[in-house]
Structures are given as C-alpha cells and as structure tokens.
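Below: the structure, in structure tokens.
The values are calculated or read from the model by the stated rules, or taken from the named source; none is laboratory data. Bear in mind that the values here come from a model prediction, so they are computed numbers and not experimental data. Glycine also receives a Cβ, built like all others from the backbone with ideal geometry; neighbour counts cover every protein chain displayed. Note: areas computed on protein heavy atoms with side chains; ligands, DNA, RNA excluded. Shrake-Rupley method; radii C 1.70, N 1.55, O 1.52, S 1.80 Å.
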Amino acid sequence: MKKAFSSGIMLAAAGLALGGCSQQPEVSSSPQVMSVAESWQGVLPCADCEGIDTELTLVSSGMTGFASTYTLKQRYLGNGHEQDVQTRSGDWVVTRGNQVDPQAVIYRLDPESADSCMSFQVIGNDRLRQLNCNGQPINTTHNIELRHVAEPVQKASGTAAQSMPYQR
C-alpha cells in the first residue's frame, strides 16, 4: 500500500514536471535595455578663466551591441559667461592600461572621433582623473579630478542612446 501510494505521488510529480515543460515562456519582440547612469562633477583647470565647472554623466546600456553614451556639461567660471553651459554628448568606451599603469581602467569619450580626445582614468570608486589626448597622465599640480555624485545628475532611461536634459 505504501509502495503504491509513493508510486502514485511520483507519477503525479513527474506529470506536473513534464506538463510545465510544454509551456513556452513569453518572449518580448522588442529588447528591453537596462541603463545605468553614473555622474561625476568637479572644477577642471582653465588657461584663461578661474576654472571649468564640469559635469560628466556616463550611461552604460549593460548589453552588448547597445551604445554607451555620455553627456558632458561645462561652464567657464570667472569669464563673464558663467550662465553659458556648453553641452556635448556621444559614445564612450572602456579601455585598459596606459604607459604608467597597464591595469588602469580608462573611460574614453568619442573613441571614433579625431576631433575629440577626452579620457579619464578611474581612481578608486569615487574619482575620475583627466588624461591627455594619448590616454596618459597629465603632469600638473592643478586639480584634474572629478568626484562621483551619489545620485546621477541624469537618470538612466529606457535606452542608452537617448539623450537626457540638463538638471541643476
């Protein structure tokens, strides 16, 4: 009796398991992109002003084949045009290593552009240090670092390619 009862339970469990295999999960026809946005802020040196108030937001799609985008907002301080915000955006990539540190993690803005040469090295979890056009450290006594902002200045969107409005 016990044997028949346990055999019946085993058959019922196997039937439920096999029945579950015949149901196909629903698959969305449009891929959902999970974007992650991180922002950094700081005042970078300027040759003919008091400094460049800089805000960099990097948006990573988290999916291969989807672009990672950035928005860079800069205000030149002490030149009478503090209200003017220069904004640029484009793609960015992560590269590894330079002559000083072969393990350095480097964020390069507009990697395909010959006109743009802005790169930053990741320093710890909360800083980016500006590099020269060759991706090498800049020898200076001036502050060339941006600090991580706890809340992204721009929220991540549904797709990494969407640009986001400036918020202050």
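Some notes on this structure:
- Residues located in segment 67-117, provided they are of a type in the set (S, T, N, Q), touching a residue at least 40 places away in the same chain (Cβ under 8 Å) and under 16 Å from GLN130 (Cβ atoms): THR95
- In the set (1) open to solvent by 50 Å² or more (accessible area, probe 1.4 Å); (2) within 15 Å of the chain's Cα centre (by Cα), the condition left unmet by ASN134 is number (2).
- VAL85 being open to solvent by 70 Å² or more (accessible area, probe 1.4 Å) and among the aliphatic types (A, V, I, L, M): no
- Those residues of segment 57-66 which are among the hydroxyl-bearing types (Ser, Thr, Tyr) and either without any contact (Cβ under 8 Å) to a residue 40 or more places away in the chain or in a loop (DSSP other than H, G, I, E, B) (or both), in sequence order: SER61, THR64
- Residue within segment 94-110 that is among the β-branched types (Val, Ile, Thr), in contact with an Asp or Glu (Cβ under 9 Å, 6 or more places away or on another chain) and not in a loop (DSSP other than H, G, I, E, B) present: no
- Number of residues in segment 38-64 that are open to solvent by less than 10 Å² (accessible area, probe 1.4 Å) and at pLDDT 90 or above: the value is 9.
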